[in-house]
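Following: one structure in structure tokens, then a few remarks.
The values are calculated or read from the model by the stated rules, or taken from the named source; none is laboratory data. Bear in mind the structure is a predicted one, so any value in this text is a computation, not a measurement. We place every Cβ from the backbone using ideal geometry, glycine too, and count neighbours over all the protein chains shown. Each accessible area value is taken on the protein alone, full model and side chains, heavy atoms only, with ligands, DNA and RNA left out. Shrake-Rupley method; radii C 1.70, N 1.55, O 1.52, S 1.80 Å.
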Amino acid sequence: MKTTIAIIGAGPGLGLASASRFGAEGFNVALLSRTQEHVDALAAELTGAGITARGYAADVRDHESLNTALARAADELGPIELLQYSPVPSKEYLRPVLETTREELRSALEFSALGAAAAMNAVLPGMRALGRGTALFVNGSSAVRPNHNYAGTSAAFAAESAYAQMLHDALAPEGIHVAQLIIPLGIGGGDPAHEPAALSDSLWRIYTEGKDFRTFVTPLE
């Protein structure tokens, strides 16, 4: 029986690269983002490459839509063995701390920490039924080194990071691996290690070889 990787925050960069990498290894692929047309286009590209993929519209701040999308994906594609949580933060979360409102902080926490919790709660029963599973959380360096110029993501990524670390510790005895990939300075930017294809290889290595919680793509300076 084939199992599924669900990629939350699927886009033409890392999301598509991960879908191609894991799909080539035999996983079915569920692509989740807010716009159905967007994920349908990505799914069509993957299908053209011989990968079984479908798109599902869901907003990580709307937990009902996220639960519904993940349940449909499991029904239509097979049990979700892997979860990749990597939605791209809104620009409003990237403002200096003295310019960031309480409401913007709340929204950032909903997007990163609470959305991650909703996704994990949705897929965990299926992983337990399989007897295995992997959750991959992708963050920038502000998850471990807060930056006052990017207040929303610094606060929200730190909360997401703490939640994921606790999951790692609690679920390891059950054979479910929870891991975090830190990408300093973001995706791309001219560093080959930060390109989407290279990052998808890093995620594959974490899945196949990893035991630890946190992996850095490149060391923090």
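Would you confirm whether any residue within the range 172-181 is under 15 Å from the mean Cα position of the chain (by Cα) and of a type in the set (Val, Ile, Thr)? Outline the logic, then answer.
Narrowing the range 172-181 to residues under 15 Å from the mean Cα position of the chain (by Cα): 177-181.
Restricting the remaining residues to those that are of a type in the set (Val, Ile, Thr) gives 178.
Looking for residues that are under 15 Å from the mean Cα position of the chain (by Cα) and of a type in the set (Val, Ile, Thr), one finds at least one in the range 172-181, hence yes.
Only one of the numbered conditions (1) surrounded by fewer than 20 Cβ atoms within 10 Å (Cβ to Cβ); (2) in a helix (DSSP H, G or I); (3) among the charged types (D, E, K, R) is not met by Arg21, and that is (1). Checked against (1) under 23 Å from Leu181 (Cα atoms); (2) at pLDDT 95 or above; (3) out of contact with any strand residue (DSSP E or B) (no Cβ under 8 Å at 6 or more places or on another chain); (4) hydroxyl-bearing (Ser, Thr, Tyr), Tyr93 passes all but condition (2).
If I ask for residues that are open to solvent by 60 Å² or more (accessible area, probe 1.4 Å) and either without any contact (Cβ under 8 Å) to a residue 24 or more places away in the chain or in a helix (DSSP H, G or I) (or both), which ones from the range 129-159 would you list?
Quick first cut of the range 129-159, residues open to solvent by 60 Å² or more (accessible area, probe 1.4 Å) only: 129, 132, 145-146, 148-150.
Matches in the range 129-159: Ala129, Pro146.
Residues that are open to solvent by 70 Å² or more (accessible area, probe 1.4 Å) and touching a residue at least 40 places away in the same chain (Cβ under 8 Å) were ranked within the range 77-97; the one that is nearest to Gly133 (Cα to Cα) is Val88.
Can you spot a residue in the range 111-122 that is in a helix (DSSP H, G or I), open to solvent by 30 Å² or more (accessible area, probe 1.4 Å), over 12 Å from Leu83 (Cβ atoms) and not aliphatic (A, V, I, L, M)?
Filtering the range 111-122 for residues in a helix (DSSP H, G or I) gives 111-122.
Retained after the next criterion (residues that are open to solvent by 30 Å² or more (accessible area, probe 1.4 Å)): 114, 121-122.
Keeping just the survivors that are over 12 Å from Leu83 (Cβ atoms) gives 114.
From what is left, the residues that are not aliphatic (A, V, I, L, M) are none.
No; the residues of the range 111-122 include none that is in a helix (DSSP H, G or I), open to solvent by 30 Å² or more (accessible area, probe 1.4 Å), over 12 Å from Leu83 (Cβ atoms) and not aliphatic (A, V, I, L, M).
For Glu45, are the conditions met, namely being open to solvent by 70 Å² or more (accessible area, probe 1.4 Å), without any contact (Cβ under 8 Å) to a residue 12 or more places away in the chain, more than 14 Å from Ser86 (Cβ to Cβ) and of a type in the set (D, E, K, R)? Here the answer is no, as Glu45 does not meet what is asked.
Taking only the range 24-35 into account, find how many residues are open to solvent by less than 70 Å² (accessible area, probe 1.4 Å) and either over 11 Å from Gly11 (Cβ atoms) or not small (Gly, Ala, Ser) (or both). Don't jump to the end; show me each part of the working.
Kept after step one, since they are open to solvent by less than 70 Å² (accessible area, probe 1.4 Å), are these residues of the range 24-35: 26-33.
Remaining after also requiring either over 11 Å from Gly11 (Cβ atoms) or not small (Gly, Ala, Ser) (or both): 26-32.
Number of matching residues: 7.
Residues in the range 174-214 that are without any contact (Cβ under 8 Å) to a residue 40 or more places away in the chain and either over 21 Å from Gly23 (Cβ atoms) or open to solvent by less than 10 Å² (accessible area, probe 1.4 Å) (or both): Gly189, Gly190, Asp191, Pro192, Ala193, His194, Lys211, Asp212.
Restricted to the range 48-67, and to residues that are in contact with a strand residue (DSSP E or B) (Cβ under 8 Å, 6 or more places away or on another chain) and of a type in the set (A, V, I, L, M), which residue is most open to solvent (accessible area, probe 1.4 Å)? Talk me through it step by step, then tell me what you get.
Initially, the range 48-67 is screened for residues in contact with a strand residue (DSSP E or B) (Cβ under 8 Å, 6 or more places away or on another chain), giving 51-58, 60, 65-66.
Subset that is of a type in the set (A, V, I, L, M): 51, 53, 57-58, 60, 66.
Numbers: Ile51: 17, Ala53: 14, Ala57: 42, Ala58: 11, Val60: 12, Leu66: 1 Å².
This residue is Ala57.
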